[in-house]
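Read the structure below first, then the notes.
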Amino acid sequence: MLVPVLLAPTPPGMCTALRTINSNLSQRRKYMQHNFPINYTIRVHYEEVFKPSNISRLKLKINNLEMFALQRLWFHVNHGILKKILRVIPERHPSRRYGAELERRFRDAEGIFVQSHPSEAFQRELPEKVQEKLDRMTEHLDNVPETSWRFVPPKQLLDNFQRSMRCLFRECFSQVNPQIDLCGNSRSKKDRKVTQRQPQLPR
Ligand SMILES: *[C@@H]1O[C@H](CO)[C@@H](O)[C@H](O)[C@H]1NC(C)=O
Ligand SMILES: *[C@@H]1O[C@H](CO)[C@@H](O)[C@H](O)[C@H]1NC(C)=O
Ligand SMILES: *[C@@H]1O[C@H](CO)[C@@H](O)[C@H](O)[C@H]1NC(C)=O
């Protein structure tokens, strides 16, 4: 029998953590674009390109998809992204502290997320399509076909991070203007721009 997951409202500590991250993200252009070489990109799995449009698509494809499953996916995706971003920033690079702080705050939020749900909730199977995505992201690098990589500027990864966060944790962000559709996928074509191979980051 399927045990329904308790859909506890997002705990207040979680919202505080996410709102701090949200406000820290307002500086992403400086730290994740201006401090990088022009057109610098990071190699990510295509599943790591995770935007509100992906969320809507998954909701259409999967009946009764729980927010909780999407939130787990969101944490998984963005954990990987922040690690990848940090990995390319040398110790003394001017964006290092910013990247490290974001990652630290993200891990704190993840800790609160995990604590705020019963552990059985995490043992429950995810819908197959969501699980498949997780599996592909954790696949051994050698097994990932060349065509499954995407080259994405770090700032754009954080744009996706922020928009999908506001969509999936909208209770934390909707106070200001409840009319705004936080899952709206309003951005310009620029997001879809195909990115190129990466120039090296100077040491
Ligand atoms: C992130 O937000 C917190 C709380 O507002 C602030 O203290 C901290 O300086 C911010 N960090 C960055 C890098 O913006
Ligand atoms: C950056 O990308 C744009 C658009 O793809 C291109 O027009 C421009 O020449 C690139 N700049 C550099 C320095 O590679
Ligand atoms: C999100 O959609 C893009 C295409 O817009 C796709 O490349 C990417 O794999 C999708 N991500 C996920 C997690 O499904």
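The values are calculated or read from the model by the stated rules, or taken from the named source; none is laboratory data. Since we're looking at a predicted model, the values are computed, not measured. Cβ sites come from the backbone with ideal geometry, for glycine too, and all protein chains shown count toward neighbours. Keep in mind that these areas ignore ligands, DNA and RNA; they rest on the heavy atoms of the full protein, side chains included. Shrake-Rupley method; radii C 1.70, N 1.55, O 1.52, S 1.80 Å.
Some observations on this one:
- Three-way shape label, region 12-191, alpha-carbon gyration tensor, a/c 1.5: rounded
- Average accessible surface area per residue within region 12-191, 1.4 Å rolling probe, Å²: 54
- Across region 9-145, the relative contact order, built from alpha-carbon pairs under 8 Å that are at least six residues apart, equals 39 percent.
- Above-threshold pairs, the threshold being 26 Å between Cα atoms, out of Lys51/Lys84; Lys61/Lys84; Lys133/Lys155; Lys30/Lys133; Lys61/Lys155: Lys61/Lys84; Lys30/Lys133; Lys61/Lys155
- Segments 153-162, 137-146, 43-52, 110-119 sorted - mean Cβ within 10 Å per residue, highest first: 153-162, 43-52, 110-119, 137-146
- Per-atom-type breakdown for region 12-191 gives carbon and sulfur 48% of the accessible area (1.4 Å probe, protein chains only).
- Amide N of region 87-102 lying under 19 Å from the label point, which is placed 7 angstrom from the Cα of Ile38 along Cα→Cβ: none
- Tensor-based shape of region 51-142 (alpha-carbon gyration tensor, a/c under 1.5 rounded, otherwise prolate or oblate): prolate
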